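Structure first, commentary second.
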Amino acid sequence: MCAMSTEKSRILIADDNGPNVELLEAYLSGLDCEIGIAVDGRDTLAKVASFQPDLILLDVMMPNGMDGFAVCSEFKKLPGGEHMPVLMMTGLEDLESINRAFEVGATDFITKPVNIALLCHRVRYMLRASHTTKCLIDSERRLHRMAYFDSLTELPNRQFFREHLQTMIAVATRQRMKLGVLFLDLDGFKGINDTYGHQAGDLLLKEISRRLTEGLRCSD
């Protein structure tokens, strides 16, 4: 089970309207969150990478030729961006604008003038959902690591090798290419374990894995 983080949640406010930003910042600071500010589309994309927010409040009407729809669509393509919760804020209430917001990846939609009480409730809910999503992603990564990588050497394990080999054989067959597999054996390893103990054997395996990693290309 994922424990609640002791770090403050980070909220990025992307809005070029100074008074509106000040109002949002004043109320959201009461949620004990760290607040970041972005003033246009390009600034928002840069802040997403540097500030790494847990939630983005994104205004639709942004200056410098890049509106909120375009911004949301762009950072959703970034690594991890597909899971970034976005609350879009706009004075546009037509169905087409609302549909477009969700099509580009917005999580929720709120119209201006913003109802602060409603906004705070939505922000709390979205932050909890964001934390839950991050926990699930971390769990999936740990399970994948446990299933396909050796815990001692951190090298791909036998299961990874079998599945990858089957894929490479299929690719080589389809493209009529030859495939080479290099088998390495470690002479005298049992003697090291028997003489110096398993701890020494583990250290040797870790050193060998380090040298193999340094000596091979990522494509090998």
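The values are calculated or read from the model by the stated rules, or taken from the named source; none is laboratory data. Everything numeric in this text was worked out from a predicted model, so none of it was measured. Cβ atoms come from the backbone with ideal geometry, glycine included; neighbour counts cover every protein chain shown. The accessibility values were calculated without ligands, DNA or RNA, using every heavy atom of the protein model including side chains. Shrake-Rupley method; radii C 1.70, N 1.55, O 1.52, S 1.80 Å.
Worth pointing out:
- Alpha-carbon Rg with Dmax, taken over the range 87-127, Å: 10.3, 27
- Here the chain carries DSSP beta bridges of which approximately 5% are antiparallel, counting only pairs with both residues inside.
- Protection proxy ranking of 60-70, 16-26, 139-149 - average other beta-carbon atoms within 10 Å, highest first: 60-70, 16-26, 139-149
- Rounded to the nearest whole angstrom, the semi-axes of the ellipsoid equivalent to the range 163-220, taken from the Cα gyration tensor as √(5λ), stand at 33, 13, 9, largest first.
- On full extension, the segment bounded by Leu92 and Leu182 gains 26.2 nm, given 0.36 nm per residue less the C-alpha separation.
- Taking the Kirkwood radius as Rh and the Cα radius of gyration as Rg, the range 78-188 has a ratio of Rg/Rh equal to 1.26.
- Semi-axes of the equivalent ellipsoid for the range 1-101, Cα gyration tensor, largest first, Å: 22, 17, 13
- P(r), alpha carbons of the range 65-108 - 5 Å bins starting at zero, rounded %: 5, 24, 35, 22, 10, 3, 0
- On the basis of the beta-carbon distance and an R0 of 30 Å, Met146 and Ala70 show a calculated FRET efficiency of 0.15.
- The count of lysine pairs in the chain that are at least 8 places apart or cross chains, and whose C-alpha atoms lie under 16 Å apart, stands at 5.
- In the chain, the ratio of gyration radius to Kirkwood radius, Rg to Rh, stands at 1.17 when only Cα atoms are counted.
- Computed over the range 133-184, the P(r) curve from all C-alpha pair distances, binned at 5 Å from the origin, holds 4, 17, 17, 18, 15, 12, 9, 5, 1 percent per bin.
- With DNA, RNA and ligands ignored, accessible area of Lys8 (1.4 Å probe; Å², nearest 10): 110 Å²
- Relative contact order of the chain, pairs being alpha-carbon contacts under 8 Å that are 6 or more residues apart, as %: 13 percent
- Difference of contour (0.36 nm per residue) and Cα-Cα distance, Ile169 to Glu207: 10.7 nm
- Between the range 170-220 and the range 6-21, the alpha-carbon center distance in angstrom: 50 Å
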